[in-house]
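First the structure, in the form of structure tokens, and then the observations on it.
What follows is calculated from the coordinates using simple rules that are stated; it is not laboratory data. Please read these numbers as outputs of a predicted model, since none were measured by experiment. With ideal geometry, Cβ positions are generated from the backbone for all residues, glycine too; neighbour counts draw on all protein chains shown.
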Amino acid sequence: MIETQQLRQMGRTPPLPLTVKLDNDSELIVSHWLRILPGKRFVGQAEVDGCAVLAKLFVAPGADRHFDREIRGIQLLIAAQIGTPAIVGRGRVPGGGYYLLTEFMGDAQSLSEEWNRLEHNSPDSAAAVSLLTKALACIGAMHAKGLAQQDLHLGNFLLHDDVLYVVDGDAVENQGAGGPLSADQAEANLGIFFAQLGTRWDDARDCLLVSYLQTNPHQAISPENIALRVAKVRRKRLSDYLGKSLRDCSQFSVEQNWSRFLTVLRSEAVSLTSIINDPDGVFQPGKLLKDGGSSTVALVENDYRSLVVKRYNIKDVGHWLTRFWRPSRAWHSWLAAHRLQFLEIPTPKPLAMMERRFGPLRHTAWLVTEYCPGPTLLNHLGEGTKPPDSTTATALLRVFNQLVSARISHGDCKATNFIWRDGEIVLIDLDAMQVHWNERKWRSAWEKDRARFIRNWPDGSPLAKWLDDNLPLQS
């Protein structure tokens, strides 16, 4: 039998099955964890008195606030006749904390799971559009009743027997003062939802809003205002995501001590153990892609897949004196890669980053990414004797327009730093990548990137002329 204090100390992997004594002398037996916030909240599939339930255990000091918010949110949904799993039990956990038991829908799937199973989740996918219209119709129904789900994402909708249910009552608020949400409130909430989707959905936003307006026709919704809200939410989400990539959380495992700093995708930590424990062991003859003074790059086979390990070398004492006091190039590339991934700009998936340290002083650093097979653009486009074919032209303009829109300069636009893979262009070697907030510096950096990319092919060649005519000049 587990006490609350033990739960608080169990971290991210409490043992299963786990039995908790409830205040009515029943025993809650948890068989599967669904979500864990270490020391705070545990959500799992469980059984009590022979009945399957979804159990939420609130164990943090001061957990009564979240417990009360969860119940209040569910009650608001029920009163508004919005589908949500029913409460089947609640109370105190002996030793401190609270439990909340709701109906368990065994064959239900979250819209997030449905979304991830789609072969294509782009605007030209009828299945993806159908899934989003279901969510927006439900959001419209909530807004019509004055309710807003402040943690609005596909994972908080469950599809069960073709009926949509809203979960996570903790984030449900009554903002309507007895009526529907105001246009400003609705636009702010829709901004949270649409910001979760990639930028490729931006042009489809007006069409998707039709299903929303069918269930909430009470306010005139401005697409322009929603676009502004989306941009604001995305900036905050990106900042939060990059911060998370450097701290221990559900997605990233971070270790920091006097001699090293390590961050690794939690899902990859076990498979990368040998590389993490001995990163220099991969740099063997026959495996090197590059053996230079500033960096050494190796191709590694790991769990039946190919990875790239890049070591950022410290050449001598003079070089170290210019580097020890600032983030390493591995640190910079790690953040740059995650920024590109967030913005849906193709780049090899970053898996781990490590710096050797002496207290606050940095030394050698390593970056581990997935390997991206495929020819470089220099090989794919050849000598520049003709303009790119339509598929390549579309991919070129898409990636450069994405960079311009995000005000990102690559900093080293050699054609060998762009890989052609499955109809898209993948960016590699992100050491010099920068995001620009100053207008003058941005224009200067982009002009250099643009000119450097065109110079990959002979001046006056058909390809160079096409690039000069078609690559964006500036935002």
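Label the range 252-370 by shape, choosing from rounded, prolate and oblate, from the square roots a ≥ b ≥ c of the eigenvalues of the Cα gyration tensor; if a/c is under 1.5 it is rounded, and otherwise prolate applies when a/b is larger than b/c, oblate when it is not.
Working: a/c = 1.42, a/b = 1.22, b/c = 1.16.
Note, shape of the range 252-370 comes out rounded.
Using packing as a proxy for protection, rank 352-359, 184-191 so that the peptide with the highest average count of other Cβ atoms within 10 Å comes first. It would help to have the intermediate numbers written out before the result.
On the way: 352-359: 18.9, 184-191: 20.9.
Highest-to-lowest ranking by the protection proxy: 184-191, 352-359.
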Environment charge of V230, counting only residues whose C-beta is closer than 12 Å and scoring Lys/Arg +1, Asp/Glu -1: +4
Where labels lie 7 Å past Cα in the beta-carbon direction, separation of C249 and R455 in nm: 3.9 nm
Dipole magnitude of the range 170-247 about its Cα centre (Cβ charges: Lys, Arg +1; Asp, Glu -1), debye to nearest 20: 500 debye
Cβ-Cβ FRET estimate between H32 and D68, R0 fixed at 30 Å, reported to 0.05: 0.70
Structure-derived Rg and Dmax of the Cα atoms in Å: which label, when the choices are [x] 24.5, 80; [y] 22.3, 79; [z] 25.9, 83: [z]
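Determine, from the Cβ-Cβ distance of L473 and Q214 and an R0 of 45 Å, the FRET efficiency 1/(1 + (r/R0)^6), rounded to the nearest 0.05. Provide the component values of the computation, followed by the final result.
Details: r = 42 Å, r/R0 = 0.93.
About 0.60, to the nearest 0.05.
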J(HN,Hα) series, the range 115-130, from Karplus relation 6.51 cos²θ - 1.76 cosθ + 1.60, nearest Hz, glycine and proline x: 4, 5, 7, 5, 5, 9, 10, 10, x, 8, 9, 4, 5, 5, 4, 4
Dipole magnitude of the chain, debye to nearest 20 (Cβ charges: Lys/Arg +1, Asp/Glu -1, about Cα centre): 1960 debye
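About the Cα centre of the range 252-370, how large is the charge dipole given +1 on each Lys and Arg Cβ and -1 on each Asp and Glu Cβ? Please answer in debye to the nearest 20. Mind dumping the intermediate values first?
On the way: 16 positive and 11 negative charges, 88 e Å.
The calculated dipole for the range 252-370 is roughly 420 debye.
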For the chain, with +1 on Lys and Arg beta carbons and -1 on Asp and Glu, the positive-most of F104, G460, P350 along the dipole: G460
Listed residue (T215, S267, N257) projecting farthest to the positive dipole end of the range 185-293, Cβ model: T215
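Suppose a student asked you for the relative contact order of the range 328-457, using Cα pairs under 8 Å spaced at least 6 residues apart; what percent would you report?
Working: 184 pairs, mean separation 34.2, N = 130.
Across the range 328-457, relative contact order equals 26 percent.
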Of W33, Q434, S122, farthest towards positive along the dipole that unit charges on Lys, Arg, Asp, Glu beta carbons give the chain: Q434
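On full extension of the chain, what length is gained from F104 through I78, given 0.36 nm per residue of separation minus the C-alpha to C-alpha distance?
On the way: separation 26, 0.36 × 26 = 9.36 nm, distance 1.64 nm.
Stretched out fully, the F104 to I78 stretch lengthens by 7.7 nm.
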Label zone at E301, where the point sits 7 Å out along the Cα-to-Cβ direction: the range 261-279 residues whose backbone N lies under 20 Å: 271-276, 278-279
